[in-house]
Amino acid sequence: MAIKKVFVIGAGTMGNGIAQVSAQAGYDVTMSDIKDEFIQKGMAAIEKSLDRMVKKEIIQESEKTAIVARIKTTTDNKDAKDADMVIEAAPEILDLKKNIFKQLDGICRPDAILATNTSSLPIGEIAAATAKPERVIGIHFMNPVPVMKGVEVIPARQTSAETLEASKEYVKKIGKEPCEARDYAGFIVSRLVDALMNEAFWCVMDGNKPEEVDKAVKLCLNHPMGPLELCDLAGADVVLHGLETMYEEFGERLMPAPLLKNMVRSGDLGRKTGRGFYDHTQK
Ligand SMILES: NC(=O)c1ccc[n+]([C@@H]2O[C@H](COP(=O)([O-])OP(=O)(O)OC[C@H]3O[C@@H](n4cnc5c(N)ncnc54)[C@H](O)[C@@H]3O)[C@@H](O)[C@H]2O)c1
């Protein structure tokens with residue numbers, strides 16, 4: 001099936017990025033949210049991102065105008081009725097996503113692909129909430145969407161080969177590279193990054209200094225950011241929640257390190273509370 005119309009649910013951090021890259025690739029895009037103010041904020045983020053591209057001479061002003069013109073907005077998900085592909089980027093709450101997919105069942109054409117941008121929730125369970133689970137798939141973009149090249153594509157057990165192929169085609173058409181992952185907690189990316197962060201917590205518990213752990217990972221493994229800096233950026237509570245999900249799925253080998261739990265209990269969540277592995281109060 002040729003995909004022409006893409007409907008993005010949610011105009012937040014991920015949704016507006018997905019709408020932007022889809023419009024850049026020439027798709028007719030509709031971006032929805034529950035309130036007009038969220039849509040305005042999403043459109044402003046798209047304009048700002050495109051302005052940066054104009055400034056860097058990656059695109060011209062006329063292209064920016066054409067890209068923005070390809071994005072329609074709505075507060076009614078019923079407007080997904082003629083979409084070829086829906087990409088849901090609503091908050092990471094399983095019941096909310098299942099309800100959205102159930103609702104889409106009654107709205108979308110029977111051959112439309114229904115994708116979720118979840119970072120960790122089970123695609124199979126979201127698919128099971130619909131009458132046509134074979135057309136449901138995970139398409140997990142990375143943040144910031146316009147910058148990151150890799151996109152995880154996660155077929156559930158129920159997903160058809162056609163849905164998988166069409167989804168990979170879409171990812172390639174927007175200039176990104178699909179990485180096919182299996183439908184287990186954290187897929188590939190979240191699972192590996194959580195494992196790295198968790199081992200870094202144990203390194204600190206073993207007496208290593210946080211700055212030395214981060215320096216070693218950046219300079220010896222060539223990562224752009226150290227795992228403890230990343231934890232401070234994401235928030236220790238968010239990281240603990242992710243690790244608890246992995247622990248439930250994979251058992252002891254992804255058991256959250258006691259130091260992380262201790263930090264969350266003490267409110268040392270990272271940048272958002274001013275203190276995590278580092279002091280952020282002076283910045
Ligand atoms: N932020 C990240 O770094 C990141 C990275 C990869 C994946 N994700 C995943 O992407 C999804 C979205 O995350 P985000 O950071 O963009 O969240 P966000 O909170 O920035 O945006 C979510 C938006 O969805 C809207 N929304 C809620 N219910 C809706 C509905 N029924 N219809 C239309 N819009 C609705 C909200 O009003 C909000 O504007 C989550 O599943 C998250 O786990 C996030």
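Entry comment: accessible area of the stretch 189-273 is 57 Å² per residue, from protein heavy atoms only and a probe of 1.4 Å. Charging the Cβ of each Asp and Glu at -1 and of each Lys and Arg at +1, and nothing else, the dipole of the stretch 5-180 about its Cα centre rounds to 180 debye.
Helices in the chain, meaning DSSP H runs of at least 4 residues, each add -39500 (n - 2.57). Divided by all residues, the mean residue ellipticity at 222 nm is -14500 deg cm²/dmol.
When peptides 227-240, 66-79 are sorted by average Cβ neighbour count within 10 Å, with the highest value leading, the order is 227-240, 66-79. Compared with the direct C-alpha span, the chain from residue 225 to residue 161 gains 19.4 nm at full extension, assuming 0.36 nm per residue. In a reduced charge model with +1 at each Lys and Arg Cβ and -1 at each Asp and Glu Cβ, the stretch 189-273 shows a dipole moment near 160 debye about its Cα centre. Taking a point 7 Å from the Cα of residue 13 along the Cα-to-Cβ direction, the residues of the stretch 238-267 with backbone N closer than 20 Å to it are 238-246, 264, 267.
If you sort 261, 35, 41 by accessible surface, 1.4 Å probe, largest first, the order is 41, 35, 261. Compute the separation of the alpha-carbon centres of the stretch 146-209 and the stretch 22-84 and state it in Å as a whole number. If we compute the Cα centre of each part, the gap is 25 Å.
Note on the chain: with neighbouring protein chains present and a 1.4 Å probe, carbon and sulfur make up 53 percent of its accessible heavy-atom surface. Only loop residues by DSSP count here, and only those with at most 13 other Cβ atoms within 10 Å; note down the trypsin sites (Lys or Arg not before Pro) in the stretch 158-214 that meet that. Filter output for the stretch 158-214: 182.
The values are calculated or read from the model by the stated rules, or taken from the named source; none is laboratory data. None of the values given here were measured: they were computed from a predicted structure. Using ideal geometry, Cβ is built from the backbone for each residue, glycine included, and neighbour counts are taken over all protein chains shown. Please note that ligands, DNA and RNA were not included when accessible areas were found on the heavy atoms of the full protein model with its side chains. Shrake-Rupley method; radii C 1.70, N 1.55, O 1.52, S 1.80 Å.
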